[in-house]
1. Hey, can you rank 85-94, 39-48 by average C-beta count inside 10 Å, highest first?
2. Rounded to the nearest 0.05, what FRET efficiency is calculated for ARG15 and GLU152 with R0 set to 35 Å and r the Cβ-Cβ distance?
3. Of all the Cα-Cα pairs you can form in the chain, what percent are over 30 Å apart?
4. Quick one: Cα centre-to-centre distance for the range 153-228 and the range 72-139, in angstrom?
5. Counting DSSP beta bridges in the chain, what percent are antiparallel, to the nearest 5?
6. I'd like the carbon and sulfur percentage of the solvent accessible area for the range 92-229, probe radius 1.4 Å, heavy atoms only, ligands and nucleic acids excluded.
7. Hey, can you rank 151-157, 61-67 by average C-beta count inside 10 Å, highest first?
8. Taking the simple approach of a point 7 Å from Cα along Cα-to-Cβ for both ALA132 and SER38, what is their distance in nm?
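The values are calculated or read from the model by the stated rules, or taken from the named source; none is laboratory data. Small disclaimer: the values here were computed from a predicted structure and weren't measured. Cβ placement follows ideal geometry from the backbone for every residue including glycine, while neighbour counts extend to all protein chains displayed. The protein model used for the area step is the full one, side chains on, heavy atoms only, and it has no ligands, DNA or RNA in it. Shrake-Rupley method; radii C 1.70, N 1.55, O 1.52, S 1.80 Å.
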Amino acid sequence: MKAAVIVFPGSNCDRDVQVTLRDVSGVEPVMVWHKESSFEDVDLIVLPGGFSYGDYLRSGAMASKSLVMREVVKRAGAGVPVLGICNGFQVLTESGLLPGVLMRNANLKFVCKDVHLKVESSLSLFTSAYEAGQVVRIPVAHHDGNYFAGEEELDRLEGNGQIAFRYVQPDGAQDPDANPNGSARNIAGVYNERKTVLGLMPHPERLADPQLGGTDGKGMFQSLLESLS
């Protein structure tokens, strides 16, 4: 599996994703600077976490207008899988590749802690190594992770199976106390209609090695490896 990691000014999780992809796949990812108009053919594109362009205007807004994003949008349209983590999720919504928006956390504070997620389905490129309903522990670190969409849009996402992960308690219970940012319906990650694009606020690459304190996040990269190799 050959992957490309898009690097923006302010990205700070690009190396974390690079290391995880290399460890899981055995193939060195291509690191693509935001000013590039194209890059070599790859099986997967990753938009990493961080604070692209210092989160000026809105988180992900300026990055979505970067030259490289024209190529990312083009390839996503052709079916190349795209994974956006944290700031990458914000860039995907700003680019129109995913529905909804990421707003300021409901408590107006930066949140950095481990959370528990329920895997809604194992029937995707990104989650095949998990089981439907499985609860995993993944870190979050964001100030603008409050996912919002209108009620009709949320109903459509539910009906299409486009909700990938929800914030839950360790026992799987979905309640407001499990929600770190106020996201609608405890949504932590969503797909596009074809389930080839995934955006999620938690950082699976930060819990993908025993030395990091756990491996719950590794399943996402194993899923991609199995699906794309």
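1. Peptide ranking by packing, descending: 85-94, 39-48.
2. According to the calculation, E is roughly 0.30.
3. Percentage above 30 Å: 14.
4. Answer, in whole Å: 6.
5. Values: 23 of 37 bridges.
Roughly 60 percent of the DSSP beta bridges within the chain come out antiparallel.
6. On the way: 2830 of 5920 Å².
Summing carbon and sulfur atoms, their accessible area is 48 percent of the total for the range 92-229.
7. Answer by packing, highest mean first, reads 61-67, 151-157.
8. 4.2 nm
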